[in-house]
Ligand SMILES: *Cc1c(COP(=O)(O)O)cnc(C)c1O
C-alpha cells in the first residue's frame with residue numbers, strides 16, 4: 001500500500017531505491033555469449049575453470065560448483081553424514097536454507113542464539129546446545145562478516161563436530177587474513193543476483209578434504225561415478241559408469257560458470273565499493289543514539305553483503321513496521337533479514353516455540369537492511385542517510 005511521506009510532505013527520493021541489485025557489464029555479457037556459441041552448455045570446460053578460480057580466491061584445495069546455494073548446503077550436509085537422530089546447531093538469523101539442509105538429511109536443527117552486537121551465532125550459545133547427538137555446526141557469516149571462527153573451530157574440534165560455514169554472504173571476506181572458504185571443513189557459497197557476485201543462480205562448496213570432496217562430487221551428480229576406484233563392479237569398458245550412492249542433479253551450466261568467472265574478476269572492486277558505502281553509513285549513524293551500528297570484529301576483513309539498520313525502538317515512538325513503511329514512502333526500499341527461522345510456520349509445526357533465542361528475536365523486531373550494492377552512487381547513499389535521519393527526527397522520543 002502506498003502512503004504519503006511523513007507529514008504528507010515530498011519523499012526524499014523521486015524514484016524507488018531497491019535494497020540490492022546485481023551489476024552486469026559488457027564483459028559479463030560477452031563471456032556468456034561466447035559460451036553459448038561453444039560446444040558445451042553444461043559439463044564443459046567452464047566448470048573446471050570456475051572451480052579452479054574459486055580455489056584460488058578462497059585458498060581451498062577443492063571446489064564443486066553447483067546449481068545454487070541451497071544445493072551447496074544440501075550436499076555439504078550429505079557429505080557431513082547427517083542423518084536421522086543427528087542434531088545440527090545453526091543460527092536463527094539466516095535464510096531458511098541454512099536449516100532446511102539439515103531437515104533434507106533427516107537431521108534435527110538446533111538453534112543457538114546470536115551475539116546481540118555482531119548478530120552472528122554466539123559461540124557460548126553453541127556450547128550450551130551441544131548434546132551427545134550433536135553432529136555438526138552450520139555457522140553463517142551473516143551480512144558478510146566472518147563468524148568467530150577460531151572459537152567455533154575449537155568447539156568443533158573438542159566435540160568432534162563437522163563445521164559447515166554458510167558463506168552465502170561472505171565471498172571475498174578474510175578472517176585473520178585467511179579467505180573464507182579454506183577455514184571450515186566445508187564452506188558453501190551462493191551466487192544469487194542479490195549476493196556480491198552472481199551466476200543468475202549458482203552455488204559452490206569448497207573444502208580442503210579429499211574425502212569430503214569425493215562425497216560432494218558424487219552427491220551433486222546422481223551418485224554416479226566414472227572413477228573405477230569408487231566402483232563396486234569396476235570394468236574397463238569405456239561407456240561404463242556406476243551409481244554407487246543416491247545423489248541429485250545439482251550441476252551448474254557452463255554459461256552460468258562463464259558469467260561467474262567474469263563477475264569474480266570484479267570481486268575486489270565490488271568489495272572496495274561496498275566497504276566505502278558501509279563506512280559512509282556507519283559514520284552517519286554512529287552519531288545517532290536511536291540507531292545501533294553493527295559491531296565489526298577486528299579478525300574479519302569483510303565484504304559486506306547487507307547493511308543492517310537496527311533501531312533502538314525504546315528511544316522511538318514507532319515500531320520497526322512503521323519505520324519500514326515510512327522509509328518506503330520516502331522511496332527507500334528496504335528488506336528484513338531475517339525472520340528467525342523457527343518462527344516460520346513450518347518450523348512451528350515441527351514444534352519449535354517462540355522465546356528460544358531472545359537475542360535473535362529482539363534483533364528481528366528492530367532491524368531492516370538498507371540499500372547496499374556496487375552501483376549505488378554517493379548521491380543514493382546520501383538520500384538513504386537523509387531519509388533515515390528525517391524519520392529518526394520525526395519519531396524520536
Ligand atoms: C542466499 C542464501 C542461501 C541460499 O542460496 P540460494 O543460492 O538462493 O539457494 C543460503 N544461505 C544464506 C545465508 C543465503 O543468504
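This table checks each residue for (1) over 23 Å from the mean Cα position of the chain (by Cα); (2) crowded, with 20+ Cβ neighbours inside 10 Å; (3) not assigned by TED's automatic domain parsing to the domain that holds residue 198.
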{"position": "309", "(1), (2), (3)": "no, yes, yes"}
{"position": "312", "(1), (2), (3)": "yes, no, yes"}
{"position": "339", "(1), (2), (3)": "no, no, yes"}
{"position": "362", "(1), (2), (3)": "no, no, yes"}
{"position": "383", "(1), (2), (3)": "yes, yes, yes"}
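Across segment 169-215, which residue is farthest from the ligand (Cβ to nearest atom) among those that are touching a residue at least 60 places away in the same chain (Cβ under 8 Å) and part of a helix (DSSP H, G or I)?
Residue satisfying both the conditions and the ranking: 210.
To keep it simple, each residue is scored yes or no on (1) out of contact with any helix residue (DSSP H, G or I) (no Cβ under 8 Å at 6 or more places or on another chain); (2) closer than 26 Å to residue 21 by Cα.
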{"site": "159", "(1), (2)": "yes, no"}
{"site": "164", "(1), (2)": "no, no"}
{"site": "171", "(1), (2)": "no, yes"}
{"site": "183", "(1), (2)": "no, no"}
{"site": "206", "(1), (2)": "no, yes"}
{"site": "214", "(1), (2)": "no, no"}
{"site": "223", "(1), (2)": "yes, no"}
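I'm trying to understand the selection: among the residues of segment 75-96, which are within 14 Å of the ligand (Cβ to nearest atom) and surrounded by 22 or more Cβ atoms within 10 Å (Cβ to Cβ)? If you could, list the steps in order and put the result at the bottom.
Taking segment 75-96 and keeping what is within 14 Å of the ligand (Cβ to nearest atom), we get 75-77, 90-96.
Passing the criteria: 75, 76, 77, 90, 91, 92, 93, 94.
Between 245, 166, which is within 15 Å of the ligand (Cβ to nearest atom) and farther than 26 Å from residue 38 by Cα?
166
Would you list the helices (runs of 4 or more DSSP H) that sit entirely within segment 7-104 and hold 3 or more residues that are closer than 17 Å to residue 186 by Cβ?
45-58, 69-79, 97-104
Among the residues of segment 269-276, is any over 19 Å from the mean Cα position of the chain (by Cα) and part of a loop (DSSP other than H, G, I, E, B)?
Scanning segment 269-276 turns up no residue that is over 19 Å from the mean Cα position of the chain (by Cα) and part of a loop (DSSP other than H, G, I, E, B).
I need the full set of residues from segment 282-328 which are outside any loop (DSSP other than H, G, I, E, B) and within 13 Å of residue 118 (Cα to Cα), in order please.
Of everything in segment 282-328, those that are outside any loop (DSSP other than H, G, I, E, B) and within 13 Å of residue 118 (Cα to Cα) turn out to be 292, 300, 307, 308, 309, 310.
Check segment 172-183 and report whether any residue there is surrounded by fewer than 19 Cβ atoms within 10 Å (Cβ to Cβ), modelled with pLDDT of 95 or more, more than 30 Å from residue 269 (Cα to Cα) and in the same structural domain as residue 53 (by TED's automatic domain parsing).
no
Quick one: which of 72, 99, 112 is in the same structural domain as residue 131 (by TED's automatic domain parsing), in contact with a strand residue (DSSP E or B) (Cβ under 7 Å, 6 or more places away or on another chain) and near the ligand (Cβ under 9 Å from one of its atoms)? Lay out the reasoning, then the answer.
Values: 99 fails: near the ligand (Cβ under 9 Å from one of its atoms); 112 fails: near the ligand (Cβ under 9 Å from one of its atoms).
Checking each option against the conditions leaves just 72.
The values are calculated or read from the model by the stated rules, or taken from the named source; none is laboratory data. Given the structure is predicted, the values throughout are model-derived calculations rather than measurements. In this analysis, Cβ positions are derived from the backbone assuming ideal geometry, glycine residues included, and neighbour counts consider all displayed protein chains.
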